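Shown next, in structure tokens, is the structure this report addresses.
The values are calculated or read from the model by the stated rules, or taken from the named source; none is laboratory data. Note that this is a predicted model, so its numbers are computed, not measured. Neighbour counts run over all protein chains shown; Cβ positions are idealised from the backbone, glycine included. Surface accessibility is based on the protein's heavy atoms, side chains included, excluding ligands, DNA and RNA. Shrake-Rupley method; radii C 1.70, N 1.55, O 1.52, S 1.80 Å.
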Amino acid sequence: AQKNWINTMVATIDELQPIAEKFKAQLGILLNEAEDTKDSSTLQSRIEKAVAYFSEKIKAGMLLPTQVYLDSLKNATRIKKYKQDVLQIELQLLNLAKRFNQIQYGDIEFKFPEFNYYKTQLPAEKPKGEKGSSAKESVLLFISGKTIAAIAAERNMAVTTIEGHLAIGVQDGEIEIETIVSEEKVKNIIEVLENNTFDTLAPYKEILGPSISWGEFRCVLAYQKRIVNG
């Protein structure tokens with residue numbers, strides 16, 4: 001099973017890599033044309049088709065085979081660390097799929113196909129209620145496509161609690177910071193952190209102002225720790 005899984009993953013990567021390189025070159029040309037002509041219709045159409053193509057290929061050739069392989073490991077014993085490593089691969093693929101549908105360019109309203117992904121749940125090997133398990137559940141719900149507000153409602157928790165959980169996911173590398181905080185806000189927050197030295201967080205937040213929430217601020221703090229710690 002492992003050999004088939006690896007072979008399928010490698011074959012998909014080998015198939016997609018030259019296509020991705022070709023699309024990257026085309027995208028540069030289309031971006032320049034859109035800027036020159038002020039007409040982004042061709043760019044929009046090409047990106048929508050590319051997202052549909054790559055999303056389906058990654059789902060069929062990488063994500064689903066990984067999930068089938070994980071299913072084959074459900075009853076295996078003494079491979080807990082290996083199972084977690086494979087689950088981490090699945091998590092990265094889920095993150096990639098989520099980021100596809102968050103592509104933005106100017107004021108273009110992209111119409112991407114809806115892809116339904118689920119997260120594999122292997123039998124628990126640790127007691128329920130273990131420290132960090134609550135945060136992990138929130139992280140998985142967010143990766144599955146749920147909003148922070150929806151997660152808070154589903155879990156009957158405060159939005160601030162869920163934001164704290166997601167900050168843990170950012171620090172652990174399970175969530176990409178751009179899926180929670182815009183690139184511009186990340187840049188502003190890091191700039192304030194690097195140019196000031198305070199003993200508490202409140203003065204930093206005061207400089208940043210009300211346009212940046214405490215949740216966003218804490219997520220960028222977590223992101224910065226992740227970078228520093230490698």
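Structural remarks
- Point-charge dipole on Cβ atoms (K/R +1, D/E -1) for the range 1-115, about Cα centre, debye to 20: 840 debye
- Candidates 13, 177, 79: whichever shows maximal mean-square fluctuation once the chain is modelled as a Gaussian network with Cα springs under 10 Å: 79
- Modelled FRET efficiency - R0 35 Å, residue 20 with residue 207, Cβ distances, 0.05 increments: 0.30
- Separation of the residue 82 and residue 27 label points, Cα + 7 Å toward Cβ, nm: 3.6 nm
- Under 27 Å from the Cα of residue 111 - lysines, other chains or at least 8 residues apart: 22, 24, 38, 49, 57, 59, 98, 119, 146, 185
- Once the Cα-Cα distance is subtracted from the 0.36 nm per residue extended length, the residue 72 to residue 172 segment shows a gain of 33.3 nm.
- Annotation: amide H of residue 175 within the under-5 Å range of 170, sequence separation 5 or more or interchain, hydrogens built in the peptide plane.
- Carbon + sulfur, % of accessible area of the chain - ligands and nucleic acids excluded, 1.4 Å: 52 percent
- Unit charges on C-beta of K, R, D, E only; dipole of the chain, Debye: 1180 debye
- With helices as the sole contributors, the chain gives -21500 deg cm²/dmol at 222 nm; each DSSP H run of n ≥ 4 counts as -39500 (n - 2.57), and the sum is divided by every residue.
- 1.4 Å probe accessible area per residue over the range 140-230, in Å²: 56 Å²
- Per-pair calculated FRET efficiency, R0 = 41 Å: residue 184 and residue 52 via Cβ, rounded to 0.05: 0.90
- Given in Å, the Rg to one decimal and the Dmax to the nearest whole number for the Cα atoms of the chain are 20.2, 61.
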